[in-house]
Every structure is written in C-alpha cells, then in structure tokens.
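In what follows, a structure is listed as structure tokens, so that the remarks can point back to it.
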Amino acid sequence: MKKLFLLSAVLLLSACGPKLDGTYTDNMGITSYTFESNGKMTQSIMGVAIEMNYEVDGNKVKLIAPQGTFVLTLLEDGSIQGPMGSKFVKQKK
C-alpha cells in the first residue's frame, strides 16, 4: 500500500512540471521551435521544417529524433536556451 501511494505521488508531481505550448523563435527569426501540448514539436530553420517528439524533464527540454536526443534548457524567464547560448523567446499570438 505504501509503495502504491509513493508511486501515485511521483506520477502526480511529474504531471505538474512545466509545459511547453506555442512557438519560440531566436532574435534573428532564423530558427523556431513550435511545441504542441501532445508532445510533438516542429523545428524550422530557414523555412525547412523537421517534426519530432519532445519531453520536459525539470528544466531540460529533450528533443527526440531518430538521429538522437538533443537537449535544450528551459530558463526561469520562460525562454529556452539552445546551442551555443542562443535564446528562444515565446512568440505572442
């Protein structure tokens, strides 16, 4: 019974983590990441789109592609830090 309670608590708390939904773009508008609430994501670089899955694990955003997993960092201000310090900010609708 105690194990069942602990497992339920862990699952409940993991569901309360940060969620991504919407489009995040770099300051030059070259690269964007569009996240859907269903765990799907589209990366667009200069008009070329790649679809993949993603997971949020704490402040890490794991982009899952057949070639491997790419990790971004979710910053405290809600933006995302990408490769070489690039920053992606959520676009307003």
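Here is how the numbers come out for the structure above:
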| read-out | value |
| --- | --- |
| Residue exposure sequence - K19, K93 - by fewest surrounding Cβ within 10 Å | K93, K19 |
| Additional length obtainable on full extension of the chain from I64 to S86, 0.36 nm per residue less Cα span | 6.0 nm |
| Quotient of Cα Rg and 2.2 N^0.38 Å for the range 19-90, N being how many residues it contains | 0.99 |
| Ranked list, fewest to most other Cβ atoms within 10 Å of each Cβ, for M52, M41, M46 | M46, M52, M41 |
| Gain on full stretching of the segment that runs from D26 to N53 - 0.36 nm per residue minus C-alpha separation | 7.7 nm |
| Cleavage-rule hits, GluC sites (Glu not before Pro), the range 50-80, DSSP coil, Cβ neighbours within 10 Å at most 12 | E76 |
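Just so you know, all these numbers are worked out from the coordinates, no wet-lab data involved. Note that the structure is a prediction, hence the values are computed from the model and not measured. Every residue, glycine among them, receives a Cβ derived from its backbone with ideal geometry; neighbour counts consider all protein chains shown.
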